[in-house]
């Protein structure tokens, strides 16, 4: 009903539909295996044979954000003539319909309280102490979302993809952002800050409070592509660190590699001068040369149950649910 395992409808060349497995799929593709309750549990948290694209995940989250209506995505909002009037096809209709196409209305399948339960769960992931998405918090906007870590092995090497999907503002959702980072160790510490950066600046653009300076950058290069990205930090983002991400039980003590530098500061967004050029900062080079101290090893019980933390301030309760349709 959410479009998982199906093409998006955008008529993209070479699009892969992904996979939402079930008993019938297992019988066809893996007849030697039997579908079990364990398989159902695995699929319910996105593991096993499940495959989704960032677009599919974004559309699913948009469905929850707006209260249950799943739309088909579209790339073009409208087509206009030179005089500003809508372009018409041979039948006299708009080339691009202004009315979004509905895939499924979950309100016919689920009661409003069940949809609200999921929405509040997403809110808690980001805003309650102990949630894995704490680093996605924004100062003046309530964000709701979920972290994820897809684990696999590629040619004997650990190949982890960090995920984070979110929507905001919580009480009147306007945008959904889905981010995946190949080689990211955790969704909350790697994909979460990236998604929040996108969300924060998108909302700022709406209020004419942000003007992004575009600059040319040389292609990114990583000496060891099998090193894991442990953490992403934007040094001007403030103190919305939240809780550590405990979702990944496989804590490799050798996975201290950072994105582009030892300080884990992304080097894809430097400041540009008036000519649109970037000046390499000495601090960045110094940070890259500095050794990284390995984290203190955690014992078995800490890895299993998480590290005990001091209770934080009680978060602001979620606002009243005033949903409107998203565009």
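Only the coordinates and a few stated rules stand behind these numbers; no lab work does. As the structure is a computational prediction, the values presented were derived from the model and not from experiment. When we count neighbours, we look across all protein chains shown, and the Cβ atoms used for this are built from the backbone with ideal geometry, even at glycine.
Just a few scattered comments:
- Extension gain, residue 76 back to residue 29 (0.36 nm per residue minus Cα-Cα distance, nm): 13.2 nm
- Among 87-99, 30-42, sorting by the average number of other beta carbon atoms lying within 10 angstrom of each residue, highest first, gives 30-42, 87-99.
- Virtual paramagnetic centre 7 Å along Cα→Cβ of residue 45, amide N under 18 Å, in the stretch 1-26: 21
- Computing Rg and the Kirkwood Rh from the Cα coordinates of the stretch 81-219 gives a ratio, Rg/Rh, of 1.09.
- Ranked by the mean number of other Cβ atoms within 10 Å of their residues, highest first, the peptides 2-12, 60-70, 211-221 fall in the order 60-70, 2-12, 211-221.
- Computed FRET value (nearest 0.05) for residue 96 with residue 216, which takes r as the C-beta separation and R₀ as 35 Å: 0.60
- Distance distribution note for the stretch 29-99: the fraction of Cα pairs above 18 angstrom is 64%.
- Once the Cα-Cα distance is subtracted from the 0.36 nm per residue extended length, the residue 234 to residue 204 segment shows a gain of 9.1 nm.
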